[in-house]
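Structure, as structure tokens:
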There are 2 protein chains.
Amino acid sequence: MGAISVDKILVTPLRQIAVAGGDVMHAIKSTDPGFVDFGEAYFSKIKLGAIKAWKRHLLMTLNFVVPVGAVQFVFFDVQGEQREEVIGLDRYVRLTIPPGIWFGFRGLVAPYSLLMNVADIPHDPAEIEHKKVDEYIFQWEHKQ
Amino acid sequence: MGAISVDKILVTPLRQIAVAGGDVMHAIKSTDPGFVDFGEAYFSKIKLGAIKAWKRHLLMTLNFVVPVGAVQFVFFDVQGEQREEVIGLDRYVRLTIPPGIWFGFRGLVAPYSLLMNVADIPHDPAEIEHKKVDEYIFQWEHKQ
């Protein structure tokens, strides 16, 4: 579990298709890279400047898509490697996060951004570890 | 195929969970009513006042969730039965639409609403039928 590296996070470009009345935006297909299985899809809103950190899943593979606004993600692994990704409408990609990687995220757009997670297992508190936001120091404001 | 009735559309209430920094909003779990299989998840934006109509899937079961704004849906079946549903933040439910039902929708909130579909098969144009918006008369403006 501890040996997983932030290098294993997958970045997959997604299509936004221009349609009269409102665009269609791809998220994930069962045949896509990063798809493992379907357990649950849910949304997490993140207000401008708000930070949700830190969390690590022991079993769940996460597929993150941001169809509204923009979100800064910070990842770190137990080897001490760190990785940042900013995704949203201007960089419309999917992030696939294997289990074992710590992550936190911050909203970059007012009033809020919307994150969707398509996960391979349903929510289960028993497979989630938490750290308080100040248990891993990251200069969020500095980095925008 | 033609015999499916609009009465078969399933309405499932969803939870919005208050979280500091931004709420978590359920969409669909693999164990939920209405879940058949996972083929694809995608988004469709719908601008205020815009109408996307009419479409019928011959194979796909649709699971519609509106995490941004509000959307008016109109459904009809070949028996001539019609049904309306307005869903969104103020009525946060999931609609499950079996194959064989015609549908169209209209955006009710500025600048746009966001519809997510979690479908049991990936997108396949061969299983989709279309009618032009004026091929089935519905007084959209009248009904808001």
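Among the residues of segment A:1-17, those that are surrounded by 14 or more Cβ atoms within 10 Å (Cβ to Cβ) and more than 15 Å from A:Leu95 (Cα to Cα) comprise A:Ile4, A:Gln16.
Scan segment B:97-127 residue by residue and report those that are within 25 Å of B:Leu48 (Cα to Cα) and of a type in the set (Val, Ile, Thr). Result: B:Ile97, B:Ile101, B:Val109, B:Val118. The set of residues in segment B:124-141 being touching a Lys or Arg at 6+ places or on another chain (Cβ under 8 Å) and either closer than 17 Å to B:Gln72 by Cβ or facing chain A (nearest Cβ under 9 Å) (or both) consists of B:Trp140 alone. Name the residue that is surrounded by the most Cβ atoms within 10 Å (Cβ to Cβ), counting only residues in segment A:63-81 that are of a type outside the set (Val, Ile, Thr) and either within 11 Å of A:Phe105 (Cβ to Cβ) or touching a His at 6+ places or on another chain (Cβ under 9 Å) (or both). Per the criteria, the residue is A:Phe64. Taking the stated definitions as given, is A:Gln82 among the polar types (S, T, N, Q), over 25 Å from B:Phe64 (Cα atoms) and at pLDDT 95 or above? Here the answer is yes, as A:Gln82 does meet what is asked. Just to be sure, is B:Ala20 within 12 Å of another protein chain (Cβ to nearest Cβ), crowded, with 21+ Cβ neighbours inside 10 Å and of a type in the set (A, V, I, L, M, F, W, C)? No: the conditions fail for B:Ala20. As a summary of the residue check, B:Phe64 satisfies the conditions (1) more than 20 Å from B:Leu14 (Cα to Cα); (2) at pLDDT 95 or above except for the one numbered (1). Between A:Phe43, A:Phe35, the distinction of being buried (at least 19 other Cβ atoms within 10 Å of the Cβ), in a loop (DSSP other than H, G, I, E, B), within 11 Å of chain B (Cβ to nearest Cβ) and hydrophobic (A, V, I, L, M, F, W, C) belongs to A:Phe35 only.
Among the residues of segment B:46-71, which ones are facing chain A (nearest Cβ under 8 Å) and over 15 Å from B:Ala27 (Cβ atoms)? Passing the criteria: B:Ile46, B:Lys47, B:Ala50, B:Ile51, B:Lys52. Considering each residue of segment B:28-39 in turn, none proves to be in contact (Cβ under 8 Å) with a residue 24 or more places away in the chain and closer than 27 Å to B:Trp140 by Cα. Does A:Met25 count as assigned to a strand (DSSP E or B), surrounded by 20 or more Cβ atoms within 10 Å (Cβ to Cβ) and within 14 Å of chain B (Cβ to nearest Cβ)? Yes.
Kindly establish whether B:Asp120 is closer than 22 Å to A:Val118 by Cα, modelled with pLDDT of 95 or more and more than 15 Å from the chain's Cα centre (by Cα). Here the answer is no, as B:Asp120 does not meet what is asked.
Checked against (1) surrounded by fewer than 14 Cβ atoms within 10 Å (Cβ to Cβ); (2) touching a residue at least 24 places away in the same chain (Cβ under 8 Å), A:Pro125 passes all but a single condition, namely (2).
The values are calculated or read from the model by the stated rules, or taken from the named source; none is laboratory data. This is a predicted model, so every value here is computed, not measured. FYI the Cβ positions are ideal-geometry reconstructions off the backbone, even for glycines, and counts take in every protein chain you see.
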